[in-house]
Amino acid sequence: MDELDLLRNKYRGMMNEMSDHLSTGGCKEYSEYTRCCGIIEGLAIAERELLDLKKKVEEA
């Protein structure tokens, strides 16, 4: 496991925590809901970029 895997696991853990918060009714207001969705989306984008970077590094 390299540094990129560690970072990916961190992102994935944060996404899972935020998803759990959403799915258990943790968001009491719409603004909190949209904030959580934005965080999940941002982490998913970051994870995808990380996976793309890892692939490029491995192919080089």
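The values are calculated or read from the model by the stated rules, or taken from the named source; none is laboratory data. What you see is a predicted model, and the numbers here were worked out from it, not measured in a lab. FYI the Cβ positions are ideal-geometry reconstructions off the backbone, even for glycines, and counts take in every protein chain you see.
Might you let me know whether the stretch 34-41 holds any residue that is more than 11 Å from the chain's Cα centre (by Cα), of a type outside the set (Asp, Glu) and not in a helix (DSSP H, G or I)?
Within the stretch 34-41, not a single residue is more than 11 Å from the chain's Cα centre (by Cα), of a type outside the set (Asp, Glu) and not in a helix (DSSP H, G or I).
Scan the stretch 10-29 and report the pairs whose first residue is more than 14 Å from residue 42 (Cβ to Cβ) and whose second residue is of a type in the set (Phe, Trp, Tyr) and in a helix (DSSP H, G or I), with Cβ atoms within less than 6 Å and a gap of 6+ or a chain change.
Once the first residue is more than 14 Å from residue 42 (Cβ to Cβ) and sits in the stretch 10-29, its partners that are of a type in the set (Phe, Trp, Tyr) and in a helix (DSSP H, G or I) give 27/33.
I'd like to check something: does the stretch 46-58 contain any residue that is part of a helix (DSSP H, G or I), β-branched (Val, Ile, Thr), modelled with pLDDT of 95 or more and exposed (fewer than 13 other Cβ atoms within 10 Å of the Cβ)?
Taking every residue of the stretch 46-58 in turn, none turns out to be part of a helix (DSSP H, G or I), β-branched (Val, Ile, Thr), modelled with pLDDT of 95 or more and exposed (fewer than 13 other Cβ atoms within 10 Å of the Cβ).
With the structure loaded, tell me whether residue 35 is within 20 Å of residue 2 (Cα to Cα), without any contact (Cβ under 8 Å) to a residue 40 or more places away in the chain and among the basic types (Lys, Arg) or whether it fails that test.
Answer is no for this residue.
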